[in-house]
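Visitor: Please see the structure below; I have some questions.
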Amino acid sequence: MNILDVNQLQVIRNEQAIFTDLSFCLQDRQRLFLQGDIGSGKSTLLHSLLGFVPHAQGEIRWFGQLCRQERDFVPLRGGRVGICFQHSADQLFGPTVLDDVAFGPLNQGLNKNQAYDIALRQLERLDITRLKDRSVNTLSGGEQNFTALAGVLSMQPQVLLLDEPTNGLDAKNIAKLTALLRELSLPMIIASHDQVFISTLTDPNRDLSLQF
Ligand SMILES: Nc1ncnc2c1ncn2[C@@H]1O[C@H](COP(=O)(O)OP(=O)(O)OP(=O)(O)O)[C@@H](O)[C@H]1O
């Protein structure tokens, strides 16, 4: 069974089709890179895959299950499919970095000790423990990106959707992110303009690219 099957998907915004007849699938451990001009629809696709933007036609099947209505997508957003938005500040609640990263596991029903323990481990993994007591409103763009990713990973997702994950990162931190994503070996869909990042992360025997 594929992780995701998309068949003949059409999404309309402002009465204009952003894409039509889009079909692809995602298999376990595979990375799918979304590439294309600004405004071509990469973020729209990521949002539609979790039902944040409705699709007008076609099918989205996650783990074999057809997802059509809001209620079909809600369980996926609870952690099974992790998404990092292009503007990571939009998904940080705070008040502190540690509280923010613990929010997901708390929401999944873990007790406070378990949730904060998982959150601390994710901060260590991403090498941002030093930020744990900082207010999320005071973070730099790159720090926001890593905090959002730690929050998503703390929910132990089975698949990741990443929208321009290298935005705001310098070369050293792009290398850190690349190494982490390699190590995770989760299936991923990544929208990116960063050709070096894409080519470093791509396994040509397994990964795919979708041109918008
Ligand atoms: N909330 C919205 N309402 C209406 N149209 C929108 C909305 N968000 C985006 N669009 C439009 O949908 C189209 C696709 O935008 P989208 O953000 O998906 O592109 P993108 O490929 O991710 O761009 P970028 O590379 O600049 O991030 C664009 O024409 C954009 O103006």
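Read-outs: derived from the displayed coordinates by stated rules, not from any lab. From a predicted model like this one, the values you see are computed outputs, not experimental measurements. No Cβ is skipped: glycine too gets one built from the backbone with ideal geometry, and neighbour counts run over all protein chains shown.
Visitor: By counting other Cβ atoms within 10 Å of each Cβ, how are Leu66, Leu26 ranked from fewest to most? Please report the intermediate quantities before stating the final value.
Guide: Working: Leu66 11, Leu26 20.
If I rank by nearby Cβ atoms, fewest first, I get Leu66, Leu26.
Visitor: Another question, then. Can you list residues from other chains, or at least 5 along the same chain, whose modelled amide H is less than 5 Å from the amide H of Phe63?
Guide: Leu4, Asp5
Visitor: Out of Ser23, Ser199, Ser40, any idea which swings most in a Gaussian network model of the chain, alpha carbons joined below 10 Å?
Guide: Ser199
Visitor: Still on this structure, please answer the following. Work out, step by step, the length gained on full extension between Gln8 and Lys112: first 0.36 nm times the residue separation, then minus their alpha carbon distance; give nm to one decimal. Write down the numbers at each step before the final one.
Guide: Working: separation 104, 0.36 × 104 = 37.44 nm, distance 4.34 nm.
Length gained, Gln8 through Lys112: 33.1 nm.
Visitor: Relative contact order for the stretch 12-73 using alpha-carbon pairs under 8 Å, separation at least 6, rounded to a whole percent?
Guide: Numbers: 32 pairs, mean separation 14.3, N = 62.
Once divided by the residue count of the stretch 12-73, the mean separation gives 23 percent.
Visitor: Considering only Pro75, Gln91, Phe63, whose Cα is most displaced toward the positive end of the charge dipole of the stretch 59-102, charges sitting on Cβ of Lys, Arg (+1) and Asp, Glu (-1)?
Guide: Projecting each Cα onto the dipole axis, the largest value belongs to Phe63.
Visitor: To make sure I understand, if each residue's beta carbon is the centre and we count other beta carbons within 10 Å, what order do Ile128, Ile189 fall in, fewest to most? Before the final figure, lay out each step's value.
Guide: Working: Ile128 20, Ile189 26.
Ranked by crowding around the Cβ, least crowded first: Ile128, Ile189.
Visitor: Report the far tail of the P(r) of the stretch 89-156, meaning the percent of Cα-Cα pairs longer than 19 Å.
Guide: On the way: 402 of 2278 pairs.
Percent of Cα pairs beyond 19 Å in the stretch 89-156: 18.
Visitor: Here's a follow-up. Give the angle, between 0 and 90 degrees and rounded to the nearest 10, that separates the Cα long axis of helix 141-153 from the longest principal axis of the Cα atoms of the chain.
Guide: In the chain, helix 141-153 runs at an angle near 80 degrees to the longest axis.
Visitor: Let me ask something additional. Quick one: what does P(r) look like for the chain with 10 Å bins over all Cα pairs, in whole %?
Guide: Histogram of Cα-Cα distances, whole percents per bin: 8, 35, 36, 19, 2.
Visitor: Now, a different point. For the chain, find the longest principal axis of its Cα atoms and tell me its angle to the long axis of helix 171-184, 0 to 90°, nearest 10.
Guide: Taking the Cα atoms of the chain, the angle to 171-184 is about 70 degrees.
Visitor: OK, next. Over the chain, what is the percentage of antiparallel beta bridges among all DSSP beta bridges, to the nearest 5?
Guide: On the way: 15 of 31 bridges.
Percentage antiparallel, nearest 5: 50.
Visitor: Can you tell me the FRET efficiency between His87 and Leu180 if r is taken as the Cβ-Cβ distance and R0 is 25 Å, rounded to the nearest 0.05? Don't skip to the answer; put the middle values down first.
Guide: On the way: r = 21 Å, r/R0 = 0.82.
For His87 and Leu180, the calculated efficiency is 0.75.
Visitor: Related question: Give the calculated FRET efficiency between Glu59 and Thr202 to the nearest 0.05, with a Förster radius of 35 Å applied to their Cβ-Cβ distance. Intermediate values should be presented prior to the final figure.
Guide: Values: r = 27 Å, r/R0 = 0.77.
Taking R0 as 35 Å, the efficiency between Glu59 and Thr202 is 0.80.
Visitor: By how many degrees, between 0 and 90 and to the nearest 10, does the Cα long axis of helix 112-125 differ from the longest principal axis of the chain?
Guide: That works out to roughly 80 degrees.
Visitor: Moving to a separate point now. Can you tell which of Phe197, Phe63, Phe146 shows the greatest fluctuation in a Gaussian network model of the chain with Cα springs below 10 Å?
Guide: Phe63
Visitor: Determine, for Thr96, Thr147, Thr138, Thr166, the number of other Cβ atoms within 10 Å of each Cβ, and report the residues in order from fewest to most. If you can, show how the numbers build up before the last one.
Guide: Details: Thr96 15, Thr147 29, Thr138 10, Thr166 21.
Starting with the residue having the fewest Cβ neighbours, the order is Thr138, Thr96, Thr166, Thr147.
Visitor: Distance between the C-alpha centers of the stretch 28-63 and the stretch 124-169? Whole Å please.
Guide: Taking the Cα centre of the stretch 124-169 as reference, the centre of the stretch 28-63 is 22 Å away.
Visitor: Separate question: Run the numbers on the chain and let me know its relative contact order in percent, using alpha-carbon pairs under 8 Å that are six or more apart. Show your work: numbers first, answer last.
Guide: Details: 372 pairs, mean separation 59.4, N = 212.
It comes to 28 percent, rounded to a whole number.
Visitor: Taking the alpha-carbon centroid of each part, what is the distance from the stretch 175-202 to the stretch 1-17 in angstrom?
Guide: Distance between centres, Cα-based: 23 Å.
Visitor: For the chain, what is the calculated [θ] at 222 nm in deg cm²/dmol (nearest 500), taking -39500 (n - 2.57) for each run of four or more DSSP H residues and dividing by its residue count?
Guide: Numbers: 7 runs with 73 residues, N = 212.
Calculated at 222 nm, the ellipticity per residue is -10000 deg cm²/dmol.
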